[in-house]
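Heads up: the structure comes next, in C-alpha cells.
The values are calculated or read from the model by the stated rules, or taken from the named source; none is laboratory data. Remember, predicted model here, so these are calculated numbers, not experimental data. Reconstructed Cβ throughout: ideal geometry from the backbone, glycine too, with neighbour counts over all protein chains shown.
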Amino acid sequence: MASLFDVTGRVVVVTGGAGLLGAAYARALATAGAHVVVADVDAGGARRVATEAGEAAGGSAIAVATDVTDERSVADLAGAVMDRFGRVDALVNNAALDPKMDPDHAGAHGAAFETLPVSDFRRQLEVDVVGAFLCSRAFAPALVASGRGVIVNISSIYGMAGPDQRIYEDAIKPAGYSVSKAAVAGLTRYLAAYYGRRLRAVTLTLGGVFADHDAGFVARYSDRTPLGRMARPDEYAATLIYLISDAASYSTGSNVVVDGGWTAW
C-alpha cells in the first residue's frame, strides 16, 4: 500500500514556487524523493526555495525564472525542464496574483467592486487563469508521454463560495480572485475530459493558510471555520503529494477540498 503514495524520482513543476505555499510544496515533494522545478517570476526567491528543497533528503530541486503570463517564458520553462530531466510527471499550477504583494495592483485588495479598476481584474485573470492555461498547454505533451502525468490546479474556497467580506474589515477581497479560482476548476474539468486516459487533471481547493496575519483576522477567520483555525502549509502539501501519486490514479476532473470545513456551512 505504501508504494501507491511513492513519488520518488518523479519530475514535478511547481509554478509560483517561491511563495508561501509553493515553497511548502517544493520542500515536501523533494523530501518525498521527487525532482522539483521551482518556477517563479521572482528569480531570487525561486533559487532560495530550490536550494532549501534540494537540501531535503531524497529529492532534488532546480529553479527557473518564469513569468506564467508570457508565452515565450513558459515555453522556455518547458524546454529547460526537458533539457534537464527529459520528462515531466506532474505540473502544479500554483502561481497566483496576490494584490497585496503587487505594487502595481495593491489597491485591488481594498477597492470596492463598484470602483475596482478593470486593469486589476484583468491582471488577476491573466496570472491565475491564463497562466494555468499556458503552462498546461506547454507541458501536456510531456505529461502524456510520461504515462502517469497529472496536472493539479490550485484553487480556493472563494472559487466555490463568495468571500465573507465581514472578516476583512478594512479590506475587500477582490472580485478577480473569486472569478479566477472558479475558472481554474473549470479548466481542470476541461483538461480531464479532453485528455481522458492520457493524463489526469484535478483541482486542489484550499482554505485560508496562516501567514503572519494579525490576531483579529485570525480570530474572525477561525470563528468562521468548523475546525476553529487556519491551515498550516504542510497540511496542503500532504494532499498534493497524494494527488500526484498513484494512490489517486482514479481521480480526474475532481475537486479535492481541504478547508477545515469552511464550505460545510
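For the subset of the range 62-115 comprising residues that are among the hydrophobic types (A, V, I, L, M, F, W, C), at pLDDT 95 or above and over 18 Å from the mean Cα position of the chain (by Cα), which member is nearest to V13 (Cα to Cα)?
V81
Among the numbered criteria (1) at pLDDT below 95; (2) aliphatic (A, V, I, L, M); (3) out of contact with any Leu (no Cβ under 9 Å at 6 or more places or on another chain), which one does A211 miss?
(3)
Restricting the search to the range 231-252, which residues are outside any helix (DSSP H, G or I) and either touching a strand residue (DSSP E or B) at 6+ places or on another chain (Cβ under 6 Å) or surrounded by fewer than 16 Cβ atoms within 10 Å (Cβ to Cβ) (or both)?
A231, R232, S249, Y250, S251, T252
Within the range 36-61, which residues are at pLDDT 95 or above, assigned to a loop (DSSP other than H, G, I, E, B) and farther than 17 Å from L97 by Cα?
The answer is none; no residue qualifies.
Listed residues G22, G79; which is surrounded by fewer than 24 Cβ atoms within 10 Å (Cβ to Cβ) and either of a type in the set (G, A, S) or in a helix (DSSP H, G or I) (or both)?
Working: G22 fails: surrounded by fewer than 24 Cβ atoms within 10 Å (Cβ to Cβ).
Just one listed residue meets the conditions, G79.
Does the range 1-17 contain at least one residue that is surrounded by fewer than 24 Cβ atoms within 10 Å (Cβ to Cβ), small (G, A, S) and either part of a helix (DSSP H, G or I) or modelled with pLDDT under 95 (or both)?
For the range 1-17, residues surrounded by fewer than 24 Cβ atoms within 10 Å (Cβ to Cβ), small (G, A, S) and either part of a helix (DSSP H, G or I) or modelled with pLDDT under 95 (or both): present.
When you go through D214, D170 one by one, which is the residue that is loosely packed, with under 14 Cβ neighbours inside 10 Å, in contact (Cβ under 8 Å) with a residue 40 or more places away in the chain and of a type in the set (D, E, K, R)?
Of the residues listed, the single one that is loosely packed, with under 14 Cβ neighbours inside 10 Å, in contact (Cβ under 8 Å) with a residue 40 or more places away in the chain and of a type in the set (D, E, K, R) is D170.
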